[in-house]
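Heads up: the structure comes next, in structure tokens.
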Amino acid sequence: MTYLQRVLANALIFISLSVLFPNQVYVESLTMAIAASFVLSILNTLVKPILILLSLPLNIMTLGLFSFVISAGMLQLTSNLLGNYRFGFSSFAMSILVAIVMAIVNAIVSDHNIDKYADR
């Protein structure tokens with residue numbers, strides 16, 4: 001999956017979750033969802049590896065489940081950078097739920113993309 005496809009997929013996830021959970025996830029517009037997805041990708045590239053390295057013992061003890069907490073933290077940081085009135089979550093638990101949904105959808109889309117090119 002290319003970078004642009006991943007950004008658009010994450011933006012669609014944000015939009016669809018704001019429709020499914022209107023009181024818990026707020027996205028102002030499609031443009032804001034794309035901007036949030038872009039900011040999240042930059043944070044995942046620059047900040048997330050450092051946090052994963054620092055929390056490695058805790059991540060090992062929880063068998064990798066702490067990575068969802070780190071992903072939720074990245075979502076909260078994205079929300080704070082863009083402004084909670086444009087893109088935000090009602091609670092940290094909702095951020096964890098969004099992180100889990102994003103991981104599942106991205107795994108399905110990536111797996112489908114790999115299968116598409118493996119038949120050649």
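The values are calculated or read from the model by the stated rules, or taken from the named source; none is laboratory data. These numbers come from a predicted model, not from an experiment. Neighbour counts are summed over all protein chains in view; Cβ atoms, including those assigned to glycine, are modelled from backbone coordinates with ideal geometry. Note: areas computed on protein heavy atoms with side chains; ligands, DNA, RNA excluded. Shrake-Rupley method; radii C 1.70, N 1.55, O 1.52, S 1.80 Å.
For first residues located in the range 1-27 and farther than 14 Å from M102 by Cβ, partners that are in a loop (DSSP other than H, G, I, E, B) and lie 6+ apart or on another chain with Cβ distances below 6 Å form the pairs Q24/S90.
Inclusion of L81 among residues that are open to solvent by 50 Å² or more (accessible area, probe 1.4 Å), in contact (Cβ under 8 Å) with a residue 12 or more places away in the chain, out of contact with any Lys or Arg (no Cβ under 6 Å at 6 or more places or on another chain) and more than 16 Å from A103 (Cβ to Cβ) is warranted. Taking residues in the range 51-64 that are under 17 Å from L77 (Cβ atoms), and partners anywhere that are among the aliphatic types (A, V, I, L, M) and assigned to a helix (DSSP H, G or I), the pairs with Cβ atoms closer than 6 Å and at least 6 places apart or on different chains are L51/I70. Condition check for V39 on (1) at pLDDT 95 or above; (2) open to solvent by less than 20 Å² (accessible area, probe 1.4 Å): one failure, at (2). The numbered conditions (1) assigned to a helix (DSSP H, G or I); (2) modelled with pLDDT under 95 are all true for N23 except (1). Selection of helices (runs of 4 or more DSSP H) fully inside the range 26-90 by the criterion of at least 3 residues being closer than 18 Å to L8 by Cα returns 30-46, 66-82.
From the list I34, I70, the lone residue that is open to solvent by 50 Å² or more (accessible area, probe 1.4 Å) and not aromatic (F, W, Y) is I34.
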